Amino acid sequence: MNAPKISELEEQERRLTLPHFTHDDAWTLGTLLVELARDRHAPVAVDIRRGGQQLFHAALPGSTPDNDAWIDRKRRVVERYGCSSLLVGSRFRAKGTTFEDSSRLDPDVYAAHGGAFPITVEGVGVIGTVVVSGLPQLEDHSLVVEALELFTSG
């Protein structure tokens, strides 16, 4: 799987802006992600938050507590930068460096690896995160994007 270009990642975020995001929406999106992961036998953990509240969490067979640690680290990147963790990492790489070398943030607390995506509401901005951990970073990111695309089309 090839890494998407920065412009593609930015376009995903613009396109996947939501009209609203409720507790019920978190359940719908979370169960959709779990169904997609189960169909692929993907050993992932899924986390959805709005503000400081965890609205959905699931750990599928094969996932470990380490996936929860990755979720927290990737989520913090989205909360700090307001865009996907893959986009943040890609922007650093485009400058010829890495997030770990140049962000001045503790890599035990922040990880600019794919899989965390902002939940953005029209006219409001980023209000939360949806995160998947357990696959290679591009696959984590793609799974989240696929679920958001299905969620917004339904």
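The values are calculated or read from the model by the stated rules, or taken from the named source; none is laboratory data. Note that the structure is a prediction, hence the values are computed from the model and not measured. Glycine also receives a Cβ, built like all others from the backbone with ideal geometry; neighbour counts cover every protein chain displayed. With ligands, DNA and RNA removed, areas are computed over all heavy atoms of the protein, side chains included. Shrake-Rupley method; radii C 1.70, N 1.55, O 1.52, S 1.80 Å.
The residues of the chain have, on average, 50 Å² of accessible surface per residue, using a 1.4 Å probe with all protein chains present.
Centre-to-centre, using Cα atoms only, region 114-154 and region 57-72 are separated by 16 Å. Derived from the Cα gyration tensor, the three semi-axes of the equivalent ellipsoid of region 1-63 are 22, 19, 10 Å, largest first. Multiplying the residue separation of residue 104 and residue 20 by 0.36 nm and removing their Cα-Cα distance gives an extension gain of 26.8 nm.
Which residues make up the longest stretch of the chain that has no trypsin sites (Lys or Arg not before Pro) in a DSSP loop with at most 13 other Cβ atoms within 10 Å?
Counting only loop sites that pass the neighbour cut-off, the longest clear stretch is 41-94.
Over the residues of the chain, the helix contribution to mean residue ellipticity at 222 nm works out to -15500 deg cm²/dmol, using -39500 (n - 2.57) for each DSSP H run of at least 4.
Screening the chain for whole DSSP H helices of 18 Å or more along their axis (Cα) with average Kyte-Doolittle hydropathy at least -0.5 returns 23-39, 137-153.
Built from the Cα atoms of the chain, the convex hull projects on average onto 8.7 nm², one quarter of its surface area. Element breakdown for region 49-154 at a 1.4 angstrom probe: carbon and sulfur atoms account for 47% of the accessible area. Rounded to the nearest 0.05, the FRET efficiency derived from the C-beta distance between residue 146 and residue 80 at R0 = 22 Å is 0.30. Taking a Cβ cut-off of under 9 Å around residue 99, the surrounding Lys, Arg, Asp and Glu residues balance to a net charge of 0, with basic ones at +1 and acidic ones at -1.
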